[in-house]
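Heads up, the thing below is written out as structure tokens.
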Amino acid sequence: LALGTFHSTCARILRIEASHTGLDRSFAIYDDGDQRSLIKRAMKDVEVDPRRFALGAIKNAISGAKAQLLNPVEFATTNTNYFDEIVLRVYERYEDLLRQSNALDFDDLLMRTVRLFQNNHEVLEKYQERYVHVLIDEFQDTNTAQYLLAKLVAGKHRNICVVGDPDQSIYSWRSADL
């Protein structure tokens with residue numbers, strides 16, 4: 001039996017499976033304030049004027065890309081306008097700074113775990129055997145990364161139960177997609 005949020009479960013898995021991810025097991029998890037500070041630094045490093053491009057808008061765009069499981073290289077293929085080009089420059093530098101700090105943000109916890117499962121079948125099977133039954137509450141507030149994570153973990157036994165109410169979805173601003 002294991003209980004946890006998507007993020008806490010993914011953090012635990014990434015620490016256990018660090019050798020398969022290229023991560024140091026002692027990675028830090030950056031909260032919103034840490035993210036904002038690092039994005040501000042990344043914006044300065046790539047010479048993006050914060051008076052012209054709001055830090056919050058760039059942070060949300062990076063978070064949205066990660067929720068869609070797009071790393072900077074993949075995000076570059078979706079660029080449709082100048083703002084996306086700015087976000088890409090900041091996103092690339094932000095990822096460099098995270099790496100240098102041995103840190104992940106909350107979106108990385110999900111994205112890195114999905115990628116781990118997609119790229120390492122042995123590790124995926126280990127967790128499919130461990131989590132024979134999967135229950136997800138507040139399913140209306142899941143994003144693409146969370147959906148794929150649940151689908152991967154429950155893929156072998158297909159014992160999954162989700163509970164959600166579309167009328168109570170409150171996280172569309174955080175890439176929730178019923």
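The values are calculated or read from the model by the stated rules, or taken from the named source; none is laboratory data. Quick caveat, the model's predicted, so the values are computed rather than measured. So basically every Cβ, Gly included, is an ideal-geometry build from the backbone, and we count neighbours across all protein chains shown. Side chains are part of the model used for accessible areas, which takes the heavy atoms of the whole protein and leaves out ligands, DNA and RNA. Shrake-Rupley method; radii C 1.70, N 1.55, O 1.52, S 1.80 Å.
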*Note the full-extension length gain between residue 74 and residue 132 as 0.36 nm times their separation in residues minus their Cα-Cα distance, in nm to one decimal.*
17.6 nm
_Residue-averaged 222 nm ellipticity for the chain, from DSSP H runs of 4+ at -39500 (n - 2.57), nearest 500_ = -17000 deg cm²/dmol
*Surface share of carbon and sulfur [accessible, 1.4 angstrom probe, percent] for the chain*: 50 percent
*What order do 95, 138 take when sorted by accessible area (1.4 Å probe), most exposed first?*
138, 95
*Rounded to the nearest 10 degrees, what's the angle between the helix 106-119 long axis and the longest principal axis of the chain, both from Cα atoms, 0 to 90?*
60 degrees
*Kindly state, to the nearest 0.05, the FRET efficiency for residue 41 paired with residue 102, given R0 = 22 Å and r defined as their beta-carbon distance.*
0.90
_For residue 136, residues with placed amide H under 5 Å, excluding near neighbours_ = 161, 162, 163
*Which whole-number percent gives the relative contact order of the stretch 1-126, counting Cα pairs below 8 Å spaced six or more residues apart?*
38 percent
*Which of the aspartates and glutamates could a cross-linker bridge to residue 156, judged by Cα under 12 Å and excluding same-chain residues fewer than eight apart?*
125, 129
_Sites residue 83 and residue 18, calculated FRET efficiency, Cβ-Cβ separation with R0 30 Å, nearest 0.05_ = 0.30
*asked:* Can you give me the long-range amide H partners of residue 29? Hydrogens built in the peptide plane at 1.01 Å from N, cutoff under 5 Å, separation of 5 or more residues or another chain.
replied: 104
*So how do 144-151, 16-23, 36-43 stack up, highest first, on mean other-Cβ count within 10 Å?*
144-151, 36-43, 16-23
